[in-house]
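The next block holds one structure in the form of structure tokens; read it before the comments.
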Amino acid sequence: MTTPKIQILSSSRDRVGECPVWSVAEQALYWVDIEGCRIHRFDWVSQTQQTWHTPERVGCMALTDRPGEPRTLVAAMETGIFLIKLGPEFDAEATLLAAVKHPMPNMRFNDGRCDAQGRFWVSSMCMDMALAAPVGTVYCFDEAGLSEPQITGLVTPNGMGFNPDGDSYYLSDSHPTIQKIWVFDRDAQTGELSRQRLFVDMLSLPGRPDGAAVDAAGGYWICANDAGLVHQFSPQGELLQSISVPVSKPAMCAFGGPNLDVLFVTSILPGGMLPEHAGLNGAVFALDVGVRGMPEPVFSRFPLC
């Protein structure tokens, strides 16, 4: 167990802080509060935070490569994939790019990540986790639009990541009845997934496997929700270390900072806790872990129409 130097970044407390994404071009960290319907941005140079309201819950988002359009994101929300333009004010402009047909009511997108080829990989879930409904699905969004289901039968999909070569894809299911992390073979050029196999069974470790990041050496880092930890695994699935954070529900991590050697961690406000009593719960942290990450890929494969 290690406890690195920790900096508190956020000036607010999120109900469900998720999807930290570091922009190398802007030297800024973006993240979302899913239940708060908000997108946040922290500027590393000025050490200031901005916030925008969104019309739906944002499960995940990715940077884009639109020339001349700064602060434009692609986001997986409740009813589809949207282009989000962040203006100077609090409200974000959302334009639907692709609608989704969920298999049952009360669903939304959850975890997601952009691959190095510019595709946006997204997952869906039933918002009532008590149902343990295996209706969660993984899709890929690119110039062809939203794909047919790539993976089905998930309850609470999380933990997406790609190894440095792009030929391995990671995915977890954080529901208490599952708590497993898998790895797939992947054709980086076509995006095709194959040979799913167990990477780590987290039922034998503290915490549930939530959001994840992959470092430049191929190490897999995943938030251990309910345990106040971030686990680091080798590419072979060996537990290398567990890092303690000052909240019970760390949600997702990402590498960033000027040298890509800062690990950012978002967190969740425990159920029933009021924001005024949150303490550090729901905050975003910057951890000095002595490991370098990879630049976050940007979404570049917009639909042709």
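Laboratory data are not the source of any read-out in this text; all were calculated from the coordinates shown. Computed from a prediction, not measured in an experiment: that's the story for all the values here. Methodologically, a virtual Cβ is constructed for each residue, glycine included, from the backbone with ideal geometry; neighbour enumeration extends over all protein chains shown.
Based only on the alpha carbon positions, what is the Kirkwood hydrodynamic radius of the range 122-231, in angstrom? Spell out each step's value before the answer.
On the way: mean 1/r = 0.0696 Å⁻¹.
So the Kirkwood estimate lands at 14.4 Å.
Suppose R0 equals 25 Å. What FRET efficiency, 1/(1 + (r/R0)^6) with r the Cβ-Cβ distance, do Ile8 and Met104 give to the nearest 0.05?
Numbers: r = 39 Å, r/R0 = 1.54.
Efficiency for this residue pair is about 0.05.
May I ask for the Rg/Rh ratio of the range 166-305, computed from Cα atoms with Rh as the Kirkwood radius, given to two decimals? Each step should come with its number before you reach the end.
On the way: Rg = 16.1 Å, Rh = 16.1 Å.
Taking Rg over the Kirkwood Rh, I get 1.00.
Provide Rg over Rh for the range 1-68; use the alpha carbon set for both Rg and the Kirkwood Rh (inverse mean inverse pair distance). Before the final figure, lay out each step's value.
Numbers: Rg = 13.1 Å, Rh = 13.1 Å.
Radius of gyration relative to Kirkwood radius: 1.00.
Project the alpha carbons of the range 6-288 onto their principal axes and report the range along each, largest first, in whole Å.
46, 42, 39
Among His175, His277, which comes first, second and so on when ranked by fewest other beta-carbon atoms within 10 Å? Before the final figure, lay out each step's value.
Working: His175 22, His277 10.
Ordered from fewest to most neighbouring Cβ atoms within 10 Å, His175, His277 come out as His277, His175.
Going by how many other beta carbons lie within 10 Å of each one, how would you line up Leu131, Leu287, Leu263, fewest first?
Numbers: Leu131 12, Leu287 20, Leu263 27.
With the sparsest Cβ surroundings first, the list reads Leu131, Leu287, Leu263.
Given Cβ point charges of +1 (Lys, Arg) and -1 (Asp, Glu) and nothing else, what value in debye, to the nearest 20, does the dipole of the chain about its Cα centre take?
On the way: 21 positive and 34 negative charges, 61 e Å.
Magnitude of the dipole: close to 300 debye.
Kirkwood Rh and Cα-based Rg: tell me the resulting Rg over Rh for the range 83-186, rounded to two decimals. Provide the component values of the computation, followed by the final result.
Numbers: Rg = 14.8 Å, Rh = 14.8 Å.
For the range 83-186, the value is 1.00.
Counting only C-alpha contacts under 8 Å and six or more residues apart, can you give the relative contact order of the chain as a whole percent?
Over the chain, the number comes to 19 percent.
What FRET efficiency comes out for the pair Ser204/Ser244, r = Cβ-Cβ distance, R0 = 30 Å, nearest 0.05?
Values: r = 19 Å, r/R0 = 0.63.
The formula returns an efficiency of 0.95 here.
Provide Lys5, Lys249 in ascending order of the number of other Cβ atoms located within 10 Å of each residue's Cβ, fewest first. Before the final figure, lay out each step's value.
Values: Lys5 8, Lys249 24.
If I rank by nearby Cβ atoms, fewest first, I get Lys5, Lys249.
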